[in-house]
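Working notes for the structure below.
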Amino acid sequence: MLRFILMRLGKAAVILIAIMTLNFFLIHAAPGDPAAVMAGEAGAADAKFIAQLREQFGLDKPLLTQLGIYLKGVLQFDLGFSYRQQMPVAQLILDRLPATLLLTMTAFVISLVLGTFAGVLASARVGKWSDTAISSLALLFYATPLYWAALMAVLVFSVYFNWLPGFGYETVGANHTGLARLLDIGRHLILPATTLGLFFMAVYMRMTRASMLEVSQLDFVKTARAKGLKRSIIQRRHIFRNAMLPVVTLAGLQAGQLVGGAVLTETVFAWPGIGRLMFEALAQRDYNLLLGVFFVSAAMVLLFNLITDILYRFVDPRIRVA
Amino acid sequence: MLKRLTTLAATLLVSTALHAEPVAGGRANVVIQPEPPSLMMGLVQNGPTQMVAGNIYESLLRYDEKLQPMPQLATSWDVSEDGLTYTFHLHDDVKWHDGKPFTSADVVFSADVFLRETHTRLRASLEHVESITAPDDTTVVFKLKQPFGPFLGIFEAGTMPMIPKHIYEGTDYKNNPANNTPIGTGPFKFKEWVKGSHILLTRNEEYYEEGKPYLDEIYWHVIPDAASRAVAYETGVVDVLPGGSIENFDVQRIADMENTCVTDKGWEYFGPLSWMWLNNREGPTADKRFRQAVMYAMDRDFARDALWNGLGKVAAGPVSSSTRFFTEEVTKYDHDPEKAKALLAEMGYKGEPVRLLPLPYGETWQRWAEAVKQNLDEVGINVELVSTDVAGWNQKLAEWDYDMAFTYLYQYGDPALGVARNYVSTNIAKGSQWNNVEGYENKEIDDLFAKAAVAVTAEERQKLYTEAQQKLVDDVPVAWLLELGFPTIYRCNVKDLVTTAIGVNDGFKDAYIEK
């Protein structure tokens, strides 16, 4: 097992460097550069001013030299300096990480638990009205664009009913402490986490339902039934465990995206997370910051793929042997 | 449409009604967008930085809506007969936010040392300055090389913010750790900045103007989505939406809410004027008749009424009507498609395509570009809209890679500061979006602007600028659109919010909340 993990980690490092190199060139292929954007924001600048900025950021050096400097920094765990925010990239990302993790993990748990539960429920009642209702709802969640759902949620629950806060991480200026603060953050979390979770909830539901139905047709389930085992035990031990394999894969994929944040949700709900940081960095061509966010999210995807593979071995003993 | 306009006009009237004695205390919640990169106004002067830091930093003067100078850090000032010596007398009891006294040495350091290095726009004006000296602690003398008409107009907080000498002298300005905790002399002190969430300023208890400011604190909320900003106002989280906070099509809806006032004042110093750059170098836009045809083809009243809620004015020419030395005595370009077609026929335009870049600043600008395209299509001009993001747009303009492109720029109260830069041929250079991007070259115009900047009397300057405006309007180097009207939306019980020519940028000094 250890050997397997080490090998996979080695591969992951190579892939990561390849990804960073590719990202580096992709970002630089986009028109515009941070010096011009920053000068643009100032509303006045001459060529001299822009040249100064370029020199300060090292943008006057050849592209390959810039890449070399960047990769060398990354190898020393230095993600560089954000031009626009005037702060080290690593610190910017770390500052935003708690908010993003809170949002994405809550959405992850909501979607996984509710999605799987609804899927099992639907598969147990195939063809009945409750199955139809759950499946239709899943289709609706699956097809609704996130930003639209988010805006509608704000309109209904925040503007119309005034039940929940429509944006932000906590009530700014309320100066809550302790439990009151936690509750306040919790209230702010409900709308963004739920809307963000809708899509994956639908995916888990459909995946679980299909997988449960498929497994329930297999021979060993028939055998179990023939043995006279209780229906609930067959459902739980025989069908559910086997049906979970594709769901675990999918959960691994979603988990890998947790750290990347959620651009749309964070923007609509003014959630101070990494997704927004990335979007702003993109608009401002803040190369180092953008690469830093890409680096962290790529690393997370690789890490969670690894974890998924290890989990597989526990869920399905056949893979462990192979 | 008429009803919409009347309601908005009525709201505008309400907002200017008279009110009673100021009350102390309370908190203002304000939207800020986008999040400023820094609050150190000596280093960064973009819109959002000025909007927040304009309450932290101050300059020697302020300006009323007619752009007349008012005392700020300077209590009075004298100008010598020959227009070469400006003497400022300073308040003697001003303290920086860290308790150190503010003196004339700080003024000399700010203007002569710090800002000369960091502030591109001010640097250009300081070219006219021979020396800056401090004969005593409360007196500063600026000696000019030759008279410079707009000189009294550059002592605005965003143009010449006062920087504390005791903190910055001899340091690496850009990396000074004090940049994260800005120290000024203004009515509010920096307290807290939670990136991505909010900025908190608190009352400066030691402020030198008796009783001011009235508010205890100001929260600036960072909300990235325009629709969410409107919701923040609707749900009562914020009380003030500075100009440009929400999309124009939301303005009327929000303005109709109870206890809501709207004003388009507070932009006079900036005089934001919008136009389309027309590439004077090549393609159909190089022909004066084509450019005039564009002016006749556009229905600018429609754009103002439909896209800008009837706020703002159709631009007469290169100078905004709130800027000094504006004249109306220029050729008028009314919406006249027939005239446009005649001009195009005369020049022999065969429908060659022209690329039009909208300004990538949101929905209103996109729609405006579509409206203009439709106007131009009607007279037979073949327009292709080219989409870009901000970075791409910057680059295309800086490299002259366009035929027509939307923009708007500030004028800073005087043609020598914010108009000449776009038309004089010495200002043609790749790499900037604020110079003579269109590539217009006219010796006469160069001379007129050069003479007018250094002419001593206002009458003389008016005469020269009038002539320059008339010639420019005939030549149409760019297609002027509207003097933009940016509405500031706020709860009516927030009083005295917009009292100067830079509006909310230094407005919280006087503002109070009526109980």
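Bear in mind that the values in this text are calculations on the coordinates, not laboratory data. Remember, predicted model here, so these are calculated numbers, not experimental data. All Cβ positions, even for glycine, are placed from backbone atoms using ideal geometry, and neighbour counts span all protein chains on display.
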What does the charge dipole of chain B about its Cα centre add up to, to the nearest 20 debye, if the Cβ of each Lys and Arg holds +1 and the Cβ of each Asp and Glu holds -1?
-> 580
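According to the square roots a ≥ b ≥ c of the eigenvalues of the Cα gyration tensor, what is the shape class of chain B, taking rounded for a/c under 1.5, prolate for a/b larger than b/c otherwise, and oblate for the remainder?
Numbers: a/c = 1.88, a/b = 1.31, b/c = 1.44.
Taking the square roots of the gyration eigenvalues as a ≥ b ≥ c, chain B is oblate.
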Would you mind calculating the gained length between B:GLU338 and B:LYS443 on full extension (0.36 nm times residue separation, minus the Cα-Cα distance), in nm to one decimal?
-> 34.6 nm
Ranked packing of A:67-77, B:312-322, most packed first, by mean Cβ within 10 Å = B:312-322, A:67-77
Cα to Cα, under 17 Å, and not fewer than 8 places away if on the same chain: which aspartates and glutamates meet these conditions relative to A:LYS11?
-> A:ASP309
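Suppose every K and R has +1 on its Cβ and every D and E has -1 on its Cβ; what is the size of the dipole of segment B:228-323 about the Cα centre, in Debye to the nearest 20?
Dipole about the Cα centre, nearest 20: 600 debye.
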Using modelled amide H (1.01 Å from N, peptide plane; none on Pro or chain starts), what sits under 5 Å from the amide H of B:ARG62, excluding residues fewer than 5 places away?
-> B:MET70, B:GLN72
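Within a 10 angstrom radius of each residue's Cβ in B:385-394, how many Cβ atoms of other chains show up on average? Whole number is fine.
Details: counts 0, 0, 0, 2, 7, 8, 12, 6, 5, 12.
Taking all residues of B:385-394 together, the mean is 5.
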List every residue whose amide H lies under 5 Å from the amide H of A:MET87, counting only residues 5 or more places away in sequence or on a different chain, with H placed 1.01 Å from N in the peptide plane.
-> A:SER82
Where the centroid of each part is defined by its Cα atoms, how far is segment B:317-335 from segment A:64-140 in Å?
-> 54
Going by average Cβ neighbours within 10 Å, how do the peptides B:428-435, A:13-20 rank, with the highest at the top?
-> B:428-435, A:13-20
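Can you tell me how segment B:43-153 classifies by the Cα gyration tensor, rounded, prolate or oblate, using a/c under 1.5 as the rounded cut? Mind showing how you got there, number by number?
On the way: a/c = 1.37, a/b = 1.17, b/c = 1.18.
Cα axes put segment B:43-153 in the rounded bin.
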Provide B:ARG304, A:ARG181 in ascending order of the number of other Cβ atoms located within 10 Å of each residue's Cβ, fewest first.
-> A:ARG181, B:ARG304
Once the dipole of the protein assembly as shown is set up from charges on Cβ (+1 Lys and Arg, -1 Asp and Glu), the residue from the list B:ILE199, B:THR323, A:GLN217 lying farthest towards its positive end is A:GLN217
Given H placed 1.01 Å from N in the peptide plane, which residues other than close sequence neighbours of B:GLU192 have an amide H under 5 Å from its amide H?
-> B:LEU200
With charges set only on the Cβ (+1 for Lys and Arg, -1 for Asp and Glu), what does the dipole of the protein assembly as shown come to about its Cα centre, in debye to the nearest 20?
-> 5520
Report, in degrees rounded to the nearest 10, the 0 to 90 angle that the Cα long axis of helix B:288-297 makes with the longest principal axis of chain B.
-> 80
Too-long pairs where the Cα-Cα distance tops 24 Å, listed order kept, from B:LYS195/B:LYS430; B:LYS265/B:LYS495; B:LYS341/B:LYS443 | B:LYS195/B:LYS430; B:LYS341/B:LYS443
At 7 Å along the Cα-to-beta-carbon direction for both B:ASN175 and B:ASP64, put a label point, then send me their distance in nm to one decimal.
-> 4.8
Could you state the angle between the C-alpha long axis of helix B:458-475 and the longest principal axis of the C-alpha atoms of chain B, as a value from 0 to 90 degrees rounded to the nearest 10?
-> 30
Rounded to the nearest 10, the angle in degrees between the Cα long axis of helix A:178-216 and the longest principal axis of the Cα atoms of chain A comes to 50
With both partners inside chain B, how many of the DSSP beta bridges are antiparallel, as a percent to the nearest 5?
-> 80
Could you go through segment B:317-324 in sequence order and give the Karplus-derived ³J(HN,Hα) for each residue, using 6.51 cos²θ - 1.76 cosθ + 1.60 with θ = phi - 60°, rounded to whole Hz, and x for Gly and Pro?
-> x, x, 10, 6, 5, 8, 7, 4
Answer with one residue from B:LEU84, A:TYR204, B:LEU311: the one whose Cα lies farthest towards the positive end of the charge dipole of the protein assembly as shown, charges on Cβ with Lys, Arg +1 and Asp, Glu -1.
-> A:TYR204
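When you count, for each residue, the other Cβ atoms within 10 Å and take the mean per peptide, how do B:265-271, B:328-334 rank with the highest first?
Per-residue Cβ counts within 10 Å, averaged per peptide and sorted highest first, yield B:265-271, B:328-334.
Count, for each residue of A:30-38, the Cβ atoms from other chains sitting within 10 Å of its Cβ, then give me the mean as a whole number.
Values: counts 4, 10, 10, 4, 1, 2, 12, 7, 4.
For peptide A:30-38, the averaged partner shielding equals 6.
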What do the square roots of 5 times the Cα gyration tensor eigenvalues come to for segment A:182-322, in whole Å, largest first, as semi-axes of the equivalent ellipsoid?
-> 39, 19, 11
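Just counting partner chain Cβ atoms within 10 Å, what average do the residues of peptide B:219-225 show around their Cβ? Walk me through the intermediate numbers first.
Values: counts 2, 1, 5, 5, 7, 11, 12.
So the per-residue partner count for this stretch is 6.
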